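Every number in this text was worked out from the coordinates using simple rules, so none of it is lab data. From a predicted model like this one, the values you see are computed outputs, not experimental measurements.
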Amino acid sequence: MRYRVSQLAQRLPDQGERYVEAFRHQHMRAVLYAPKDHDPQKPHREDEVYVVISGSGRLRVGEQVTDFEPGDLLYVEAGAPHRFEDFSPDLTVWAIFGPVVEGA
């Protein structure tokens, strides 16, 4: 199955949560995520991988801060506090979630 960024981006809400689910299958799911102004994320119960499609900025995971740019792959362990910071207005990423980790 193929999921096009251009088609999913048209379905992003104008306000509130800035993501649209691409697919969900058994224990994994993928969403197109495009935060605006600030990133209100809270820790997730799943491991998460981001693939940066457009934009640049910084990803904070706990106290560690990493710069990113298009094409980068970013990993966040289940339960880790994280958020995008100082990001450009065009930031768009694939967010891919793995199986739920109990206790995270």
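Output the relative contact order of region 5-100, whole-number percent, from Cα pairs under 8 angstrom with separation of 6+ residues. Each step should come with its number before you reach the end.
On the way: 217 pairs, mean separation 32.1, N = 96.
The normalised contact order for region 5-100 reaches 33 percent.
If you stretched the chain out fully between Ser56 and Gln41, how much longer would it get, using 0.36 nm times the residue separation minus the C-alpha to C-alpha distance?
Details: separation 15, 0.36 × 15 = 5.40 nm, distance 1.74 nm.
Here the segment from Ser56 to Gln41 would lengthen by 3.7 nm.
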